[in-house]
1. Over the chain, what is the relative contact order in whole percent, taking alpha-carbon pairs under 8 Å and six or more residues apart?
2. Sorted by mean Cβ packing within 10 Å, highest first, what order do the peptides 161-168, 55-62 take?
3. Taking a virtual spin label 7 Å from the Cα of residue 38 along the C-beta vector, which residues in segment 54-70 bring their backbone nitrogen under 18 Å of it?
4. Going by average Cβ density within 10 Å per residue, which order do the peptides 255-261, 190-196 take, highest to lowest?
5. Extending each Cα 7 Å along its Cβ direction at residue 14 and residue 83, get the distance between those two points in nm, one decimal.
6. Could you state the principal axis extents of the C-alpha atoms in the chain, from the largest down, to the nearest angstrom?
7. What ranking, highest mean first, results for peptides 40-52, 111-123 when packing means the other Cβ atoms within 10 Å averaged over each residue?
8. If I model a spin label at residue 95 and residue 108 as a point 7 Å from the Cα along the Cα→Cβ vector, what separation in nanometres do I get?
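FYI, it's all coordinate maths here, none of it is from the lab. Remember, predicted model here, so these are calculated numbers, not experimental data. Please note: Cβ atoms are built from the backbone with ideal geometry, for glycine as well, and neighbour counts cover all protein chains shown.
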């Protein structure tokens, strides 16, 4: 069965070693990486192969005054494995005109399939005015906007990840496709409510293993949410093999499992 990872990163040393991820390393009992160690694309492809993941959407990371993974770096990673990796761009929302131009470059020149901006990195909710030029550009270019919902693993404010912020975004931009990653815990019911209400709002399961999916999300997948949830890992924080362990424990029927693992992502990202 085809598997598409809707949220991954092929990290740069700047991204991997950034102190903002120290809390995640503590949770996962991981040692701090060598900040000078280059990470070959073959390592990411090997992790995908271990779990039979056919395609991973790998994202750039732009934070205030800090580019952890640039769009051009993502493009170079994709160029090394174009049949396995798909680019997702990011932008500096503090510079709206430049952000719009960069989104256009990402889509039209680099061939990226989505744009991702994380509210917790900017410490503002997705209803902040700085996000709105990004939404307009995504609508005009017909690419999804990807973001994070739920509490924040790094020691940054979690409030900006409340899924209900996306309700207002979807009302203001009904043409915008939104893929909200990280399940939305502890506000999973809010995430389900927003995804149910709005035709173009989706949830991805990145940053969680199947054993940690909230019961209400699994119930949603088994019922009216079969077309609304996408598989994701947040690699390298969680490898695909670890994220997919105990998949059969979700007790999804074959049709729902196929949609979850690949069908929804293929449709949403026009792969």
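1. 19
2. Result, highest mean first: 55-62, 161-168.
3. Residues passing the 18 Å test: 69-70.
4. Numbers: 255-261: 19.4, 190-196: 21.9.
Listed from highest to lowest mean packing, they are 190-196, 255-261.
5. That separation, rounded to one decimal, is 3.2 nm.
6. Principal extents (Cα only, largest first): 43, 41, 35 Å.
7. 111-123, 40-52
8. Placing both labels 7 Å beyond Cα along the Cβ direction yields 1.9 nm.
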